[in-house]
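The values are calculated or read from the model by the stated rules, or taken from the named source; none is laboratory data. None of these values were measured; they are calculated from a predicted model. All Cβ positions, glycine included, derive from the backbone under ideal geometry; neighbour counts span all protein chains shown.
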Amino acid sequence: MPIKNRFSELLPEITAWRRDLHEHPELLFDTHRTSGIVAGKLREFGCDEVVTGIGRTGVVGVIKGRSDASGKVMGLRADMDALPIEEATGLDYASKTEGKMHACGHDGHTAMLLGAAKYLAETRNFDGTCVVIFQPAEEGGGGGREMVEDGLMERFGIQEVYGMHNWPGQPLGSFAIRPGAFFAATDVFDIVVEGRGGHAAKPQEVVDTTIAASQIVLSLQTIASRNVDPVEQIVVSVTSFETDSKAFNVIPQRAVLRGTVRTLDGGVQDLAERRLKEIAERTAEVFGAKASVTYQRNYPVMANTPEETVFAAEVARQVAGACEEAPLVMGGEDFAFMLNAKPGAYILVGNGDSAAVHHPEYNFDDDVIPAGCSWWAELVETRMPRAAG
């Protein structure tokens with residue numbers, strides 16, 4: 001296939017970009033080096049417009065086709081940020097920054113979209129406008145929300161938007177997608193349990209926060225097992241349990257629980273928030289303690305729109321010969337903010353038999369690059385075909 005062959009030719013160059021980004025990971029909105037490299041390459045490719053500072057450190061490139069009779073404008077988005085993880089791959093291009101690593105493949109996503117941008121700016125074999133979007137702070141910072149609130153869609157006239165993520169365990173270069181709810185809403189909570197501390201040898205004189213907090217941890221699991229319809233998806237996880245005592249003979253005055261709730265339905269999300277507060281507060285009361293709950297809704301459910309999902313799958317079949325149905329994912333993805341603003345779709349591309357994302361031994365497989373770049377380019381040329389002659 002001509003497009004895929006072109007990206008096979010570009011593979012060494014794109015791989016070099018990717019590995020350079022891997023060596024220099026940056027977190028959240030602090031993607032100054034990465035954003036600078038992206039903006040520089042987009043200008044080098046001859047993009048019609050390159051804008052920096054959208055959503056703080058986001059970068060946008062505009063590529064116009066040879067004609068614009070269709071009036072269509074498509075957005076293609078890649079994320080740029082890394083994770084606060086110490087790399088353990090032993091690669092010769094491993095992270096040079098202690099405690100930071102590209103453990104989710106955003107270096108690969110950025111490199112693939114840059115590769116597609118180079119091809120599209122070179123050929124312009126489409127009728128309309130392609131907007132390439134490089135987003136910071138996907139890993140918990142809400143960079144997608146920041147770019148949308150900064151006027152991304154309106155400023156560039158984007159009518160539909162597409163995203164892609166590599167997926168370990170899925171065959172290398174294969175694709176998978178699903179319509180509707182795909183990635184979960186990611187809420188977070190803090191529960192502060194206040195009691196009356198004292199000597200561990202005199203438990204009758206204290207209000208033991210460790211007992212109350214432990215019972216809260218266990219009782220929160222009944223939200224999934226006894227409050228939510230068994231056919232619905234929900235995860236309630238307490239991920240941190242801290243007290244204000246470090247001594248072996250002191251019962252602490254205060255305990256703090258932190259965790260996350262993942263849901264794929266608004267009604268289930270509402271129920272989970274209400275029950276979490278009720279369970280925490282009333283369980284604490286049983287033990288004579290007091291619980292205060294802070295509940296924050298973070299990323300919303302990421303849902304693909306039907307027509308755009310069918311189209312994205314058709315293009316994936318053009319590139320790879322097949323496109324499977326993806327599983328529901330209880331992880332979050334802030335591309336949800338862009339899909340809430342405009343119709344579009346998000347697809348998974350296989351990273352083969354690699355370590356899982358967010359693991360210190362994870363590495364993006366560069367052999368994915370031709371498939372990923374081809375999907376981006378085919379999206380544009382198929383959705384906005386240029387008239388013959």
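Looking only at region 64-88, count every residue that is within 19 Å of ALA312 (Cβ to Cβ) and of a type outside the set (S, T, N, Q) and tell me the total.
8
For SER240, state whether it is surrounded by fewer than 21 Cβ atoms within 10 Å (Cβ to Cβ), within 30 Å of PRO327 (Cβ to Cβ), of a type in the set (Gly, Ala, Ser) and more than 26 Å from the chain's Cα centre (by Cα).
So SER240 does not fit the description; no.
For the subset of region 26-50 comprising residues that are loosely packed, with under 14 Cβ neighbours inside 10 Å and in contact with a strand residue (DSSP E or B) (Cβ under 6 Å, 6 or more places away or on another chain), which member is farthest from GLN135 (Cα to Cα)?
ASP48
Looking only at region 343-389, how many residues end up being crowded, with 18+ Cβ neighbours inside 10 Å and farther than 22 Å from PRO12 by Cβ?
Counting residues in region 343-389 that are crowded, with 18+ Cβ neighbours inside 10 Å and farther than 22 Å from PRO12 by Cβ gives 12.
Look through GLU278, GLU273 and report the one residue that is part of a helix (DSSP H, G or I), surrounded by 17 or more Cβ atoms within 10 Å (Cβ to Cβ) and either over 26 Å from the mean Cα position of the chain (by Cα) or touching a residue at least 60 places away in the same chain (Cβ under 8 Å) (or both).
GLU273
Just to verify a result, which residue in region 73-93, among those that are in a loop (DSSP other than H, G, I, E, B) and in contact with a helix residue (DSSP H, G or I) (Cβ under 7 Å, 6 or more places away or on another chain), is farthest from ALA137 (Cα to Cα)?
In this case the residue turns out to be TYR93.
Determine which member of the set GLY40, GLY36, GLY53, GLY61 is without any contact (Cβ under 8 Å) to a residue 60 or more places away in the chain and assigned to a strand (DSSP E or B).
Going through GLY40, GLY36, GLY53, GLY61 in turn, the sole match is GLY53.
Run down VAL357, VAL319 and say which single residue is in a helix (DSSP H, G or I) and in the same structural domain as VAL73 (by TED's automatic domain parsing).
So the residue among VAL357, VAL319 that is in a helix (DSSP H, G or I) and in the same structural domain as VAL73 (by TED's automatic domain parsing) is VAL319.
Quick check: is even one residue across region 334-353 part of a loop (DSSP other than H, G, I, E, B), farther than 30 Å from THR222 by Cα and of a type in the set (D, E, K, R)?
The answer is yes; a qualifying residue exists.
For region 2-25, check the following and say yes or no: at least one residue is surrounded by 22 or more Cβ atoms within 10 Å (Cβ to Cβ), of a type outside the set (Gly, Ala, Ser) and not in a helix (DSSP H, G or I).
yes
State whether the residues of region 223-230 include one that is in a loop (DSSP other than H, G, I, E, B), under 28 Å from ALA355 (Cα atoms) and in contact (Cβ under 8 Å) with a residue 12 or more places away in the chain.
no
Could you tell me whether region 301-314 includes any residue that is farther than 15 Å from PHE183 by Cα and not in a helix (DSSP H, G or I)?
no
I'd like to verify a number: residues in region 239-270 that are within 23 Å of GLY197 (Cα to Cα), assigned to a strand (DSSP E or B) and aliphatic (A, V, I, L, M), how many?
5
Taking interchain pairs and intrachain pairs at least six residues apart, which have beta carbon atoms under 9 angstrom, with the first residue in region 369-382 and closer than 17 Å to ARG66 by Cβ and in contact (Cβ under 8 Å) with a residue 24 or more places away in the chain and the second in a helix (DSSP H, G or I) and of a type in the set (Ser, Thr, Tyr)?
That search, which allows pairs on different chains as well, returns ALA377/TYR119; ALA377/THR123; GLU381/THR123.
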